[in-house]
Amino acid sequence: MEDVTNAVILILNFLFVPGLTYGCQLALGALGVTLVYGILRFSNFAHGETMSFGAMISILAMWWLQAHDVSIAPLPTVLLALPVGIGATILLCLAMDRWVYRFYRRRKSQPVILLIASIGLMFLMNGLIRFAIGPDDRVVGDGERFIINAREFRRATGLAEGLAIKTSQGITVVVTVVLVIALFWFLNRTRAGKSMRAYSDNEDLALLSGINPDRVVMIAWILTGALAAIAGTLYGLDKSYKPFVYLPLLLPIFAAAIVGGLGNPLGAIAGGFVIAFSEVSITFAYRKFIAYLVPESWEPEGLVQLLSTDYKVAVSFVILVLVLLVRPTGIFKGRVL
Amino acid sequence: MSFLTGEGMTGGYGGADILHDCTIAVEKGEIAVVVGPNGAGKSTAMKALFGMLDLREGQVALDGEDISGLTPQARVRKGMGFVPQTSNVFTSMTVEENLEMGAFIRDDPIAETMDQVFALFPVLAEKRAQPAGELSGGQRQQVAVGRALMTQPQVLMLDEPTAGVSPIVMDELFDRIIEIARTGITILIVEQNARQALSIADKGYVLVQGRNRFTDTGAALLANPEVRKSFLGG
Amino acid sequence: MIQANRKPLLFAAMLVLLALVGFMQSWSLALAILNLCLISAVMALGANIQWGYAGLFNAGVMGFAALGGLAGVLVSTPPVTAAWAAGGAGILKSGGVVLVIIAAVWFVMRRWRPPFKGAVAALVIAVGFFAARAVFDPAVEAIEAVESAKTGYLGGLGLPILFSWIVGGIFAAGAAWVVGKVALGLRSDYLAIATLGISEIIVAMLKNEDWLARGVKNVSGLPRPVPYEVDLQQAAWFQSLANSLGSTPIDLSSIAVKLCYAALFTVVLLVILWFSETALRSPWGRMMRAIRDNAVAAGAMGKDVTKRHLQVFVLGSAVIGMAGAMLTTLDGQFTPASYQPLRFTFVIWVMVIVGGSGNNLGAVLGGFLIWFFWIEAEPIGLWLMDVLTAGMAEDNPVRAHLLESAAHMRLMTMGLILLLVLRFTPRGLIPEEKR
């Protein structure tokens, strides 16, 4: 019996909790991507760098706060700095729209042109961020590191396996839940939110109904900027901040958005968790888990890992390909063409 | 003085002209119908009245006021309602939300108007929480019309409302349109199903190649042997 | 006509720039840059074939180039017989298992009547996966154990490396065919994401499958199609040539070798350019451009748009693969870690857009110009920073930070160039000609 409990704790600690956290991170990122796709109808490759920008501003503000001995321990100080990051990122998104995207939107350019423009912006931001904060690794979290410490857990329960929950993980999940509820309330219960859904659904009819397209676009960028800043900062809090880190995240984020159905916010969240849990569970080494559950003579020799962790990127890609082959509209039927 | 007039309308979508000196006038509280063969410019004439087309010549007036320069949204504010032929509902939104969006430009409470629409289309009241995309063709048309009614328009324009629906649904739709007209709303319909449409029309316009060909009451046009031969199949 | 005069003028300007480098820095450096310009031009040409002929955006140039580099290894390195003996059979067997599984899945999808079709297919895949791994893993271990410091991989065919240029094209074409089958016919964004994904996987595999090409341990010392500098330096005729030109054997040998490469690359570039232009002017090319300009109309006329797109996608990728092989030949080594999306995919796209979307000659010019700036941006940036901060004290932290960050100027400049060209001269320096 104890072995089964240990096995369960092992899976919770090394698979479920990290998967849940990663799922939240991807969901937040995918929400930003799917919003832009639904309203502005193009794939925004600059979203990763937007997240990086938001994180960078939050970190700079955090440094200022720390230099002035402001602290909200046991919570990390960066949470206090986050509003500054959000504000700056929103301004950035609005500026990018005004100076780059709006031109193509007015001319009804092909979506792939907007994609290329977003790549140009990605380059530009990447360079600017490295220029501003340098390429080094930055630790973002201060304050209490763990909500539940593995050692304390083991002492309390007497089990061999410990369950550790980092503060950053707890914060990520809580913030994601709050944001998702807030976003859905906005989209489904407010006039502005409904007007955005209407605009995404049928642009011509929305215009006919008197919905102001410029206002809808502005709200979309505000929401996306906020989501990007929060997602980027939380990701940096959970791991650490390095300007390079966000480009590789683009693929799982887009995979999550497409799997869930591009343009559908519910899909972005579902997709985020599908991708996250798939990635973690397929690259997980099940040896110890199996060892707890089977008699000693059956214990596996190798790591029992389906795919090595180097191939994490392959997991999201293969899932993406499968979805494209079988059901391109995604789980929740977003837009395809 | 007609309530809604489009006089001497000449224009097109940018290249060649589609309308040539076309005139359409609707009296207050009347049902006017525009029929004609394919490519006659019926929908184009309606779009011109609504402001979705730039007219080279001619003007449009509503209740004596010249609205030729107004955008479609501004014309909606003046009291015009338009039901497009296709893509005329928000498929991913519920029936109720569609009606809400229809009333988007209004600041005042819309509950009463919504109740009126539900009274007119009881089926919609039943399905108010269902996404419009899941409804049948005829029900969707009802949502589309209901959506346009939410601004409490004085003039309601419908572009081929019975396109692609079964005959029974078509009858029901025309019944509803008559009911709407009874509440005092002026109605302009463009239709392919000429016979049915003319039978409920106070005034009928037959357009051919963008020009007025026959203009008379609905009944008179139905009785006219030339009209019957050319457009009503004898 | 201004149009006609522009082309030679722009290319002449390019030569002047290179000459400047030769004078101000060194001729060896100028030629090194020229060689990479030539290779970049070929890659840009490949990307342009996909974009210009069919409006396809390939965000995975990196992966296709890497496959070309792999071809370089697999064609030219000598086979490691010990490794083949240890695990070669195992690898082949697991490959056979994979083929059997693919056939089985195809059979299930075609012939098995529902219900459970998906579940059965999934089961077949799962069983096949474990079966293949059971044979594959021990084989890999055995191979990688063979002299892992020097080899630890299967080696290649020991053929002249020039063949790898063709083979690289074939590898890339194969991968493109698979990706194209899945992702074409959907939105253009989806193709971009799918190609991004496949290139990430290709590079991840090359970095991790040591048994194939040593992974991150790299394969160096690849055989060359041109003479080695040391051999030239020791040849008597070369020494006297150096003397008569007023140079040293060492300097001249470096220049001579680079010139040889340049000659080879130029030949390849010209051949591909000639083929591309001929294809463009042919009925096939006209049909492709008709499809690109109005796919709906073309489809209505009975042209199978997706099939044509696949053709173009495969061809363009083949050219990219060839360029990748050329690059590895020039480097003399295969370094999987060097395949970065920024350096490959996105820089190449800047080249295509700047040079002239859809115009082959434009893509070549773009290749030259952008590569030149990519390399020279750092020294120019440093010089610029130096000038800007000349007034500041030596130890001013702002100055130090600015000088350090001059390197990042490259990224910003690239981004800015792309945005500016896309906005203000979207047809590029050499716009597509109206035919």
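What follows is calculated from the coordinates using simple rules that are stated; it is not laboratory data. The shown structure was predicted, so the numbers you read here are calculated from the model rather than taken from an experiment. Neighbour counts are summed over all protein chains in view; Cβ atoms, including those assigned to glycine, are modelled from backbone coordinates with ideal geometry.
Using a 10 Å cut-off around each Cβ of peptide B:97-104, what is the average number of partner chain Cβ atoms that fall inside? Could the numbers behind the result be given before it?
Details: counts 5, 5, 0, 5, 14, 5, 3, 10.
The per-residue average across the peptide is 6.
Between the helical axis of A:17-40 and the dominant principal axis of chain A, each derived from Cα atoms, what acute angle in degrees is found, rounded to the nearest 10?
10
Roughly how many whole Å is it from the C-alpha centroid of the range A:40-89 to that of the range B:157-234?
63
Among A:5-13, B:86-94, C:367-375, A:63-71, what's the highest-first ranking by average C-beta atoms within 10 angstrom per residue? Present the calculation step by step, with values, prior to reporting the outcome.
Details: A:5-13: 17.9, B:86-94: 19.6, C:367-375: 23.1, A:63-71: 11.8.
Sorting A:5-13, B:86-94, C:367-375, A:63-71 by mean packing, highest first, produces C:367-375, B:86-94, A:5-13, A:63-71.
Between C:L416 and C:L99, what is 0.36 nm times their sequence separation minus the Cα-Cα distance? Round to one decimal in nm.
Details: separation 317, 0.36 × 317 = 114.12 nm, distance 4.72 nm.
Full-extension gain reported as 109.4 nm.
Could you work out how far apart the two model spin labels at C:V16 and C:A145 are, taking each label as a point 7 Å from the Cα in the direction of the beta carbon, and quote it in nm?
For the pair C:V16/C:A145, the computed spacing is 6.5 nm.
From the phi of every residue in the range A:228-245, what ³J(HN,Hα) in whole Hz does the Karplus formula 6.51 cos²θ - 1.76 cosθ + 1.60 yield, where θ is phi - 60° and glycine or proline is x?
With the stated coefficients, the range A:228-245 comes to 5, 4, 5, 4, x, 5, 5, 5, x, 5, 6, 9, 5, 9, 9, x, 6, 5 Hz.
With Cβ to Cβ distances under 13 Å as the rule, what net charge do the other residues near C:Q333 carry (K, R +1; D, E -1)?
Numbers: positive: C:R214, C:K217, C:R224; negative: C:D331.
Counting the neighbours of C:Q333, the net charge comes to +2.
Please work out the C-alpha center-to-center distance from the range C:31-77 to the range B:105-146 and express it in whole Å.
Their Cα centres are 57 Å away from one another.
Return the subset of A:K194/A:K312; A:K242/C:K217; A:K242/C:K181; A:K288/C:K181 for which the Cα-Cα distance in this structure is over 32 Å, preserving the input order. Walk me through the intermediate numbers first.
Details: A:K194/A:K312 37 Å; A:K242/C:K217 25 Å; A:K242/C:K181 37 Å; A:K288/C:K181 41 Å.
Pairs exceeding the cut-off: A:K194/A:K312; A:K242/C:K181; A:K288/C:K181.
Rounded to the nearest 5, what is the percent of antiparallel bridges among the DSSP beta bridges in chain B? Provide the component values of the computation, followed by the final result.
Numbers: 19 of 36 bridges.
Just about 55 percent of them are antiparallel.
Whose amide H sits under 5 Å from the amide H of C:V80, counting only residues 5 or more places off or on another chain, with H placed in the peptide plane?
Those lying under 5 Å, H to H, from C:V80 are C:G155, C:G156.
Do the sum for the protein assembly as shown: with -39,500 (n - 2.57) for every DSSP H run of n ≥ 4, divided by all residues, what is the mean residue ellipticity at 222 nm, to the nearest 500 deg cm²/dmol?
Working: 43 runs with 637 residues, N = 1006.
Rounded to the nearest 500, the figure is -20500 deg cm²/dmol.
For a quick protection proxy, order the peptides B:155-168, A:198-211 by their average other-Cβ count within 10 Å, most packed first.
Numbers: B:155-168: 18.9, A:198-211: 21.4.
Ranking the peptides B:155-168, A:198-211 by packing returns A:198-211, B:155-168.
Name the residues whose placed amide hydrogens come within less than 5 Å of the amide hydrogen of B:R211, ignoring near sequence neighbours (fewer than 5 apart) on the same chain.
Sorted by chain and number, the residues that satisfy this are B:H20.
Share of antiparallel DSSP beta bridges in the protein assembly as shown, in percent to the nearest 5? List each step's numbers first, then the result.
Working: 24 of 41 bridges.
Just about 60 percent of them are antiparallel.
Would you tally the net charge around A:T172, using a Cβ to Cβ cut-off of less than 13 Å, leaving A:T172 out, and scoring K and R as +1, D and E as -1?
Working: positive: A:K166, A:K239; negative: A:D238.
Around A:T172, the charge tally is +1.
Computed FRET efficiency, Cβ-Cβ of A:A182 and C:L241, R0 51 Å: what is it to the nearest 0.05? Before the final figure, lay out each step's value.
Values: r = 77 Å, r/R0 = 1.51.
Step by step, r from the Cβ atoms, then E = 0.10.
Once you list every other residue whose beta carbon is under 15 Å from the beta carbon of A:V100, what net charge do they have if Lys and Arg are +1 and Asp and Glu are -1? Mind dumping the intermediate values first?
Details: positive: A:R98, A:R102, A:R105, A:R106, A:R107, C:R423; negative: A:E49, A:D97.
So the environment of A:V100 carries a net charge of +4.
DSSP loop (so not H, G, I, E, B), at most 10 other Cβ within 10 Å: list which trypsin sites (Lys or Arg not before Pro) in the range C:117-217 pass both filters. It would help to have the intermediate numbers written out before the result.
Values: sites: C:K117, C:R133, C:K150, C:K181, C:R187, C:K207, C:R214, C:K217; in loops: C:K150, C:R187, C:R214.
Answer by residue number: C:K150.
Pick out which of A:I269, A:I147, A:I253 has the largest mean-square fluctuation in a Gaussian network model of chain A, springs linking Cα atoms closer than 10 Å.
A:I147
Report, by chain and number, residues whose modeled amide H sits under 5 Å from the one on B:G204, excluding near sequence neighbours (fewer than 5 apart, same chain).
For B:G204, the qualifying residues are B:V33, B:D216, B:T217, B:G218.
Within the range A:285-318, find all residues whose amide N lies under 15 Å from a label point positioned 7 Å from the Cα of A:D3 along Cα-to-beta-carbon.
A:287-301
Can you bin the range C:1-153 into rounded, prolate or oblate? Criterion: square roots of the alpha carbon gyration tensor eigenvalues sorted a ≥ b ≥ c, rounded for a/c under 1.5, prolate for a/b above b/c, oblate for the rest. Walk me through the numbers on the way to the answer.
Working: a/c = 5.00, a/b = 1.70, b/c = 2.95.
Oblate, since a/c reaches 1.5 and b/c is not below a/b.
With a length cut of 18 Å (Cα positions projected on each helix's long axis) and a Kyte-Doolittle mean of at least 0.5, go through chain C and give me the DSSP H helices that pass. Numbers along the way, then the final one.
Details: long enough: C:2-24 (32 Å, 1.52); C:27-54 (39 Å, 1.42); C:61-76 (23 Å, 1.98); C:89-111 (32 Å, 1.58); C:117-145 (42 Å, 1.34); C:162-183 (32 Å, 1.64); C:188-208 (30 Å, 1.07); C:249-281 (47 Å, 1.49); C:305-331 (39 Å, 0.96); C:360-388 (38 Å, 1.33); C:409-424 (22 Å, 1.87).
Counting only whole DSSP H runs, the qualifying helices are C:2-24, C:27-54, C:61-76, C:89-111, C:117-145, C:162-183, C:188-208, C:249-281, C:305-331, C:360-388, C:409-424.
With everything on Cα atoms, drop me the angle between helix B:111-120 and the longest principal axis of chain B, reported from 0 to 90° to the nearest 10.
The angle comes out near 60 degrees.
Can you sort B:D115, A:D142 from fewest to most other Cβ atoms within 10 Å of each residue's own Cβ?
On the way: B:D115 11, A:D142 17.
In increasing order of surrounding Cβ atoms, one gets B:D115, A:D142.
Where in chain C lies the longest segment free of GluC sites (Glu not before Pro) that are both loop residues by DSSP (not H, G, I, E, B) and have at most 14 other Cβ atoms within 10 Å? Display every interim value, and only then the final one.
Values: sites that count: C:E147, C:E394, C:E433.
Counting at most 14 other Cβ atoms within 10 Å as exposed, the longest clean stretch of chain C is C:148-393.
On a straight-distance basis, which aspartates and glutamates could pair with C:K207 in a cross-link, Cα separation under 17 angstrom, same-chain partners fewer than 8 positions away excluded?
Correct list for C:K207: A:D310, C:D137, C:E141, C:E144.
Taking C:K7 as the anchor, which lysines have their alpha carbon closer than 24 Å to its alpha carbon, excluding any fewer than eight residues away along the same chain?
Within the straight-line cut-off, C:K7 pairs with C:K434.
Counting partner chain Cβ atoms within 10 Å of every residue's Cβ in C:354-363, what's the average?
On the way: counts 0, 0, 0, 2, 0, 0, 0, 0, 0, 0.
Taking the mean over all residues of the peptide, I get 0.
By how many degrees, between 0 and 90 and to the nearest 10, does the Cα long axis of helix A:78-96 differ from the longest principal axis of chain A?
Between the helix axis and the principal axis of chain A, the angle is about 30 degrees.
Roughly how crowded by other chains is peptide A:121-133, in terms of the mean Cβ count from those chains within 10 Å of each of its Cβ atoms?
On the way: counts 4, 5, 15, 9, 3, 7, 12, 5, 3, 5, 10, 3, 0.
Other-chain Cβ atoms within 10 Å of each residue's Cβ, averaged: 6.
Give me the distance between the Cα centres of the range C:225-269 and the range A:156-202, rounded to whole Å.
Spelled out, the Cα-based centre of one part sits 65 Å from the other.
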